[in-house]
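Down below is the structure, laid out as structure tokens.
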């Protein structure tokens, strides 16, 4: 496992892009906390995150390349469009997938609903350039404290990822979840 700065990651981004597309699991900064991610179209990498987090079949959220990606791959009702205008931002929008092949089934087992994010930070441009969604789940073991810095990172998780992009302490809370897949819009703060 290697810890790299934003500068080092961007300087060597083609190397890291290859690693991600080849199945690397990594920790990265979002606009809220640190996430653990991988190429969300790679079933083996997604299942590796499930093992690392000790997570059951509960769906993972994904950071997506663009609002256009959301429109092409998810059902976006008229009442949901105003929430898309809030992106990028600290929101996870729960939407029904209309293109089930857009992500690996391991991202959302037993459901057609997926949580989509466009974090308001520089890593969103990485996702856009990669052109594939990235798993966006907190860098912790399920039900334990989320990672805001290297000092509170779980050593077990740190030892199981391929690399960490670190940019210092994050002071925010996890993103708000907005369920846009049901009959009524429901906002859940965590």
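The values are calculated or read from the model by the stated rules, or taken from the named source; none is laboratory data. Note that the structure is predicted; figures quoted are calculated from it, not measured. Cβ atoms come from the backbone with ideal geometry, glycine included; neighbour counts cover every protein chain shown.
Search region 54-69 for residues being in contact with a helix residue (DSSP H, G or I) (Cβ under 8 Å, 6 or more places away or on another chain) and surrounded by 23 or more Cβ atoms within 10 Å (Cβ to Cβ), and hand back the single one that is nearest to residue 108 (Cα to Cα). In this case the residue turns out to be 60. What residue, among those in region 168-190 that are within 17 Å of the chain's Cα centre (by Cα) and part of a loop (DSSP other than H, G, I, E, B), is farthest from residue 9 (Cα to Cα)? My answer is 190. Here residue 48 fulfils each of the conditions (1) at pLDDT 95 or above; (2) part of a loop (DSSP other than H, G, I, E, B); (3) out of contact with any strand residue (DSSP E or B) (no Cβ under 9 Å at 6 or more places or on another chain) apart from (2). The residues listed here are 20, 36; of these, the one that is in a strand (DSSP E or B), crowded, with 23+ Cβ neighbours inside 10 Å and touching a strand residue (DSSP E or B) at 6+ places or on another chain (Cβ under 8 Å) is 36. Within region 95-124, the only residue that satisfies the criterion of being under 15 Å from the mean Cα position of the chain (by Cα), in a strand (DSSP E or B) and either farther than 12 Å from residue 60 by Cβ or without any contact (Cβ under 8 Å) to a residue 12 or more places away in the chain (or both) is 95. Residues considered: 127, 132. Of these, the only one that is in a helix (DSSP H, G or I), under 17 Å from residue 62 (Cβ atoms), in contact with a strand residue (DSSP E or B) (Cβ under 7 Å, 6 or more places away or on another chain) and at pLDDT 90 or above is 127.
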